[in-house]
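S.K.: Below are the structure tokens for one structure; questions will follow.
The values are calculated or read from the model by the stated rules, or taken from the named source; none is laboratory data. Note that the coordinates shown come from a computational prediction; the quantities given were computed from them, not determined experimentally. Positions of Cβ are backbone-derived with ideal geometry, glycine not excepted, and every protein chain shown enters the neighbour counts. Calculation scope for accessible area: heavy atoms of the full protein, side chains included, ligands and nucleic acids excluded. Shrake-Rupley method; radii C 1.70, N 1.55, O 1.52, S 1.80 Å.
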Amino acid sequence: MPVKAGERLDPEATKTRILAAASDVFIRRGIHAVGINEIAEAAGASKLTIYKNFGSKDGLVEAVLTDRTRRVRAWHEQAVEQAETGRDRILAVFDLVATWYAEAGFRGCAMMNAATEDRGRDGTPRQLAQDHLNFYRDLFSRLLSEAGVRDPETTARQLVVVLEGATLISAVDRDPGLGAEARAIVETLLDAA
């Protein structure tokens with residue numbers, strides 16, 4: 001939105017507004033299908049302001065994905081910290097994503113969507129998606145170690161497969177019930193571990 005005469009500029013608010021608008025447009029339409037003009041219109045900002053803040057569309061994509069990563073990690077860490085035992089802490093992650101699957105407009109994991117759209121290139125979206133998967137592997141490995149599981153690394157990898165697989169299938173099938181199914185699979189894996 002243009003600043004009215006006499007109002008002060010708030011660069012951080014502008015940047016936040018652009019990130020939110022770009023995130024929304026990217027998740028609804030895809031990164032490659034969207035141009036800067038559409039993002040500028042959605043954000044109520046000029047193209048010049050977007051380029052000034054992010055340098056390029058690629059810079060904006062990186063900023064959106066990095067911001068999303070920060071928020072997702074905090075979201076999961078908060079859920080984990082609120083649970084008591086090692087097993088409950090792992091299940092808390094799956095309970096959390098089950099609520100996400102049920103949200104109106106759920107379209108899957110922004111990181112995996114961006115990496116897929118990157119068409120096999122080793123660009124920033126793929127690198128950030130790999131970092132995203134590593135976050136989950138590390139989180140699960142830590143929680144599994146705390147719970148006394150024999151082979152936390154292998155089980156952590158299995159949990160990531162369940163999590164990302166359920167996220168993808170839930171988005172494609174538009175089936176929020178996959179959250180409960182994923183949790184049941186995880187309980188079986190934890191019993192076996």
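S.K.: For the range 101-116, how many residues are open to solvent by less than 40 Å² (accessible area, probe 1.4 Å), assigned to a helix (DSSP H, G or I) and either more than 20 Å from His76 (Cα to Cα) or out of contact with any Ser or Thr (no Cβ under 6 Å at 6 or more places or on another chain) (or both)?
M.R.: Taking the range 101-116 and keeping what is open to solvent by less than 40 Å² (accessible area, probe 1.4 Å), we get 101, 106, 108-111, 114-115.
Next, only the ones that are assigned to a helix (DSSP H, G or I) stay: 101, 110-111, 114-115.
Filter once more, so that each one left must be either more than 20 Å from His76 (Cα to Cα) or out of contact with any Ser or Thr (no Cβ under 6 Å at 6 or more places or on another chain) (or both): 110-111, 114-115.
Qualifying residue count for the region: 4.
S.K.: Search the range 84-98 for residues that are closer than 17 Å to Gln158 by Cβ and touching a residue at least 24 places away in the same chain (Cβ under 8 Å) and pair each with any residue that is open to solvent by 40 Å² or more (accessible area, probe 1.4 Å) and among the basic types (Lys, Arg) when their beta-carbon atoms are under 7 Å apart and the residues are at least 6 apart or on different chains.
M.R.: Leu91/Arg183; Phe94/Arg183
S.K.: Looking at the range 152-171, is at least one residue among the basic types (Lys, Arg), part of a helix (DSSP H, G or I) and under 19 Å from Ala83 (Cα atoms)?
M.R.: no
S.K.: A further question follows. Please tell me if Ala147 is under 12 Å from the mean Cα position of the chain (by Cα), at pLDDT below 95 and under 22 Å from Ala74 (Cα atoms).
M.R.: no
Residue-wise test of (1) open to solvent by 80 Å² or more (accessible area, probe 1.4 Å); (2) in contact (Cβ under 8 Å) with a residue 40 or more places away in the chain; (3) in the same structural domain as Glu77 (by TED's automatic domain parsing).
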site	(1), (2), (3)
Pro125	no, yes, yes
Asp131	no, yes, yes
Asn134	no, no, yes
Arg137	no, no, yes
Ser141	no, no, yes
Glu146	yes, yes, yes
Val161	yes, no, yes
Val172	yes, yes, yes
Pro176	no, yes, yes
